[in-house]
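Everything below concerns the one structure shown next.
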Amino acid sequence: MSEVLVEVKHLKQYFSVKTGLFRNTPLKAVDDVSFIINKGETLGLVGESGCGKTTVGRSMLNLYTPTGGEVFFKGEKVDSNSIKHLCREMQMVFQDPYSSLNPRMTVADIIGEPLDIHHMCATKDERKKRITEIMELVGLNSEHARRYAHEFSGGQRQRIGIARAIALNPSFIVCDESVSALDVSIQAQIINMFKDLQAKLGLSYLFIAHDIHVVNYMSNRVAVMYLGKIIEMGDTEDISDRPTHPYTISLLSAIPVADPKESKKRRRIVLEGDVPSPLKVPSGCSFRTRCQFATKKCAEELPLLENRGNNHFVACWNK
Amino acid sequence: MMDNNEKFPRKRPFSLQMDLSKFSPATDEEKEQIVQMRESTTFFKDGIKKLSKDPFAMISIAVLLFIVLTIFIAPIIVPYSYQEMISVDGVRDRTAMNLAPFTYSVNEQAAIKSGEKIFPHIFGTDQLSRDYFIRVIYGTRVSLTVGLFASIIVLIIGLIYGSISGYFGGKVDLVLMRIVDIIYALPDMLMIILLAVVLDATLSQALDGTILERVGTNMISIFIVFGLLYWVSMARLVRGQILSIKENEYILAAKALGAKPGRIIRKHILPNCISVIIISTALQIPAAIFTESFLSFVGLGVQAPMPSLGSLASAAREGLQSYPYKLLFPSLMICLIVLSFNLLGDGLRDAFDPKLRR
Amino acid sequence: MSEILLRVKDLKTSFFTNSGEVKAVNGVSFDLEKGKVLGIVGESGSGKSVTAYSIMRILTDPGKIVGGSVMFEGTELTSLSKKKMREVRGKKISIIFQDPMTSLNPVYTIGNQIEEAIKLHTERNKKEIKARAIEMLTLVGVNEPARRVKQYPYELSGGMRQRVMIAMALACEPDILIADEPTTALDVTIQAQILELMQELQKKMGMAIIMITHDLGVIADMCDEIIVMYGGRVCERGNAEDIFYDPRHEYTKGLLHSIPSAVKSKDRLLSIAGTPIDMLNLPTGCPFFSRCGKAMKICLNEPPEEIRVSETHLASCWVNIKDMIDAEKAEEVK
C-alpha cells in the first residue's frame, strides 16, 4: 500500500540577510532536500536548531515560496495557486501552544475558522455539530467551546491547535515541534493522540522534532538534517540500530538516557565546537568541521545521499 | 519488604491504627472537584476589573462624566446665553460688568427687591456683562468637541495608514514610513498659523451663513492641520503593533488555513491592536484640547463671541490683578479635563496593555 | 556519609498574587552533602526553581518565604541580613540560569561580567582579577580566552554563553553550585558538552551541585541523589537506582513510563491523565490526587506522610501505606 502522497524534489529555501551596507547574503535554510511520504505513514524529520527542519515544513505548505525545487501532493504541484484548494488536504500543527492561538478568539471560533473560510457548513447548527465532533475527537470537553484559549493549559491548547488542523479533513499534517513545548507527562498524552488520530482518520505526518526518541517513536521512517541538508534517511529501526553518518551517531549518543546504568555504560561522543553559521556553510560536507573522520575529500566535494541497502540513505564519503 | 521501623513500631499493626475506609479508592467525581476551570473571563472583562480597582482612573471617569453632564444640563438650567449681555428690563445693564461670583449688579439688586427672580451669576460676569459661568460651560463644550473630533481624525487616518504599512511591509512600509519621518519634521504651529491666515482670506466669505461660520476659519484650519500632521504618531504605533503581532504563529496558522489578507487583518490583527489604540487615543484627546486652548489663547482659535477655554483665559489676562477669578475658572477647567484624561489613559494602559500583564 | 553542607527543612514559599496565595513550595526538605550532585526533578509548576530561588533569597515580589529553614554551614539563611546574604551569594552559593541569552548583560563584555563576580567577593587588584577571569574562561573550555574576554554576549553562541555563565558562577570557588535548567535551552550536542564540563569541574573543584531540570535523562546521567517534586511538595527522594528502578510514587512511575526512550517497542505510551496542577487550587491532601490512577479517599484530605522504603529511599504516597496494610492482612490470614 505504498501510494505516494507527498513528494518533495530538490527543495531550496534561501532567505536574504543583510550582512553589510549594500550586501545581502543568502541564508541557505534548506539546501536541496528531497523525500517522499507515503499514504498512512509518518516521516520523522530530526535535527538541531538551525538545521532547517521547520523551514521544510513551512515551504511544503507554501507558507514560504520556495526558492527552488518543487513539492507535489498526489501528483499535483503545490504553488501559490494550487495551495488555495490544497490547503484543505495539507495542514500544520505548530510548536508554541501560546502564540499559535489568537488570544481574542474562543475555541469555537478557532476551530470554526477553517470551516468558515471554506464554506464547509451550510447552517449554524451544522457548524456547531461539526465543532463539537472535532472537540470530542481531540479529547476536549465540548462545553468549553465558548471559552478563550488563555484559559486552558499548554496541553489542552495544543489539542485546540490539532482540532483546528483536522477540521478540514486533511490527509497530510505537518507536526512542527508540536510536543516540544509541553511537559513530559503531557507530551505522552499528545503523542498518543497523534497516533490515535492517524489510525482513525488515515492521516500521514511529517513529524518534525529535535528529540530523536520522540521522533523514532512516532515515525515509520526518519530523516536527519544538518545545516539545511538531509544527511541520513531510512527506516526508523535502521537509523536507531545502525546509525551510519557521524552526526547521527553523535546525536544519538549525546542524548541523555533516563536509565542510570545505561548512562554509565555508554560511550558518549561529544562533538567539538559549535554548529557553523548557516551564512557561512563549510565547503564540501557541511559537517566536516566537527567530524572526527574528516578527510581532504570532505572539504572538496559535497557527498550525496546514497542507498546503502534497504533504502537506508547516507551522505558521507566515509564507508 | 519495606522497612517501616523508623515510622511505626512493628508491634501494632497498621490496620488498627488507621481508619481503613479512608483507603478505599477515590471516585472520579472527587477528582473532578479539584480540577475546576477558573471562571471564564475575556481579556476585556479582566481589564475592566483591573481598571475598576485603580482609584485615579475611577475618579477621572467620575470627573469627566460630571463635566459632560454639566455641559449638557447647564444651558438648560442657566437662563443666560454665552453671548448675551446682561440686561434688566430690556436695557443693557452697564453696572453688570466684571461682577464677582455670586454677586448681583446694582440694577439687578433693585430688580430682585421688586420681586423679580434673577438667576445668580455663579462665576460672575466678564467685561462685556456676559454671564461667565455659561461662557465657561460653552468654552468647555468647544474644547471637548475639538479634542474629540481631532482625535477621531487622528485615529482614522493613523489606523489606516499604519495598518497598510505594517501589514504589507517591505518597500511599501519603507516608503510610507519615510513620508512619516518627513511629516514629523514639519513645524506644526507655523503651519497652523499660515493655514489660518490663508483660510481666513479665502474661505471666510464662503462660510457666511453656514454653521461653520460660528466656528470660524481658524477652527477649520486647526482640524485640517490635525488631519495633515498629528496622525503620524498613531500610525507609527499601529504599525509597530502590527509588526509584533505578525510574529505570532496564529497569523501563520490562519494563512495555512487559507485565509485571505483581508480576513487576517480584520479578524486577527486589528482585534489584538485595539487596546493599544484606545489607550493612545485616550492620551491624544488631552493633547488636542491643550493645543486648541493654546491656539485660542494666542488668538488663532474659535471665532468670537463663541468662547473657548483658551480665549477666556487670554481675555482674563487684562484684568488679572482686579479679577483673578476670571483666569482661574477656565484654567482650572483645562487642568481638570487634561489631568483626568491623562490619568484615565494611564489607568487604561495599566489595565489593558498586554505587555504589562503579569 | 560526608559532611552535610545544606539542610533544607520544611521550606514554604508562597506568592501573594491578585488572585490569591500560590503555595509554590509547600513543605520541602532535603540535605545536600559535600561534593555530591543532587537532582531536583519536576515539571512546570512543581516549585523546583522557586526552591532554588528561596535558598538564594532571590525571590521576586510577590514571593515570600513563609516558613521552614535553610541551614548552610551552621547559619540560618532565611533570617540572614541582606548584607550578609550578599556575601553568601556568588561566593559560597552560586546559581546559573536557564537562558544564557537573557542571563548575560548585553552591554558589558564577558570579561567585565566575570570580573564583576570576582571583584565583589575578593580583595584582589585589577591585574589579578583580569588574570583570574582569563583563567576561568580556560577552565570552562572557551577557546582563545584572551581574545574572548573582550567580546560581547551577542558575539557568542548559546553553548559559549552558558560556559561564560558557569565561569562567572565558579569564579569565587563556591561550595554549592545551583544549576536551574542549565541545558534546556541548548541543542542536544551542546547539552552534552556542557554536562560533561560540569562533571569535570565538579571533580576538579569538589563543589556540590543542585541540578534542577525536568529532563529525566540528564538526572540519570548526572545525579547521585534525586528528589521528585510535584505541586510544591516532594513526592519521592532517593539515589538514582532507587528512583529509576524502584519508583514508589505514582507520579514518578507515570513520568518514567511516559518517556518514549523507555519504551523501545511501539506500544502505547502510558501517559499521566489530566492536566498539570492549578497552583491556585491546591488540594489539602496530595497534590497529585486528581491525576493519580490509584487515588484513595485519604489522598484528597490528608497530605501523605513520608515512608521510609530503604535507608536511602523515602516516598510520600498513601499507596505505600495501603500496600503495607494489605501485606499485614495477608500475613494475618496466613
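The values are calculated or read from the model by the stated rules, or taken from the named source; none is laboratory data. As the structure is a prediction and not an experimental result, all values here were calculated from the model. Please note: Cβ atoms are built from the backbone with ideal geometry, for glycine as well, and neighbour counts cover all protein chains shown.
At a glance:
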item: Close pairs (7 angstrom Cβ cut-off, 6 or more residues apart or separate chains): under 18 Å from A:Ser34 (Cβ atoms) in segment A:295-319, of a type in the set (Gly, Ala, Ser) and assigned to a loop (DSSP other than H, G, I, E, B) anywhere; result: A:Leu302/A:Gly284; A:Pro303/A:Ala315; A:Leu304/A:Ala315; A:Leu305/A:Ala315
item: Any hit, segment C:189-201, residues being surrounded by fewer than 19 Cβ atoms within 10 Å (Cβ to Cβ) and without any contact (Cβ under 8 Å) to a residue 12 or more places away in the chain; result: yes
item: Segment C:214-238, subset more than 11 Å from chain A (Cβ to nearest Cβ) and of a type in the set (A, V, I, L, M, F, W, C), residue farthest from C:Thr312 (Cα to Cα); result: C:Met229
item: Residue in segment C:42-64 that is crowded, with 20+ Cβ neighbours inside 10 Å, among the acidic types (Asp, Glu), within 14 Å of another protein chain (Cβ to nearest Cβ) and under 25 Å from C:Asp278 (Cα atoms) present; result: yes
item: Filter pass, A:Glu232 being surrounded by 20 or more Cβ atoms within 10 Å (Cβ to Cβ) and acidic (Asp, Glu); result: yes
item: Residues that are part of a loop (DSSP other than H, G, I, E, B), under 24 Å from A:Phe194 (Cβ atoms) and either modelled with pLDDT of 90 or more or more than 8 Å from chain A (Cβ to nearest Cβ) (or both), drawn from segment C:239-272; result: C:Lys264, C:Ser265, C:Asp267
item: Meets criteria (of a type outside the set (Lys, Arg), within 25 Å of C:Asp187 (Cβ to Cβ) and crowded, with 20+ Cβ neighbours inside 10 Å) for A:Ile160; result: no
item: Residue count, segment A:49-94 (criterion: over 26 Å from A:Val224 (Cβ atoms), in contact with a Gly (Cβ under 7 Å, 6 or more places away or on another chain) and of a type in the set (A, V, I, L, M, F, W, C)); result: 1
item: Top-ranked residue of segment C:196-211 - restricted to ones that are more than 7 Å from chain A (Cβ to nearest Cβ) and within 28 Å of A:Val46 (Cβ to Cβ), ranked as modelled with the highest pLDDT; result: C:Met211
item: Qualifying residue in segment C:248-260 (condition: aliphatic (A, V, I, L, M), touching a strand residue (DSSP E or B) at 6+ places or on another chain (Cβ under 6 Å) and under 20 Å from C:Pro287 (Cα atoms)); result: no
item: Checking C:Val164 against (1) surrounded by fewer than 19 Cβ atoms within 10 Å (Cβ to Cβ); (2) within 16 Å of C:Leu197 (Cα to Cα); (3) within 28 Å of the chain's Cα centre (by Cα), the condition it does not meet; result: (1)
item: Residue within segment C:165-175 that is outside any loop (DSSP other than H, G, I, E, B), within 24 Å of A:Val270 (Cβ to Cβ) and within 13 Å of chain A (Cβ to nearest Cβ) present; result: no
item: Which numbered condition C:Glu332 fails, given (1) more than 18 Å from C:Val228 (Cβ to Cβ); (2) assigned to a loop (DSSP other than H, G, I, E, B); (3) of a type outside the set (Lys, Arg); result: (2)
item: Failed item, numbered, when A:Val275 is tested on (1) among the hydrophobic types (A, V, I, L, M, F, W, C); (2) surrounded by 21 or more Cβ atoms within 10 Å (Cβ to Cβ); (3) in contact with a Cys (Cβ under 7 Å, 6 or more places away or on another chain); result: (3)
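Yes/no matrix, rows are residues, columns are (1) more than 19 Å from C:Asp215 (Cβ to Cβ); (2) not charged (D, E, K, R):
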| site | (1), (2) |
| --- | --- |
| C:Val8 | yes, yes |
| C:Glu21 | yes, no |
| C:Asp31 | yes, no |
| C:Gly35 | yes, yes |
| C:Val41 | no, yes |
| C:Ser44 | no, yes |
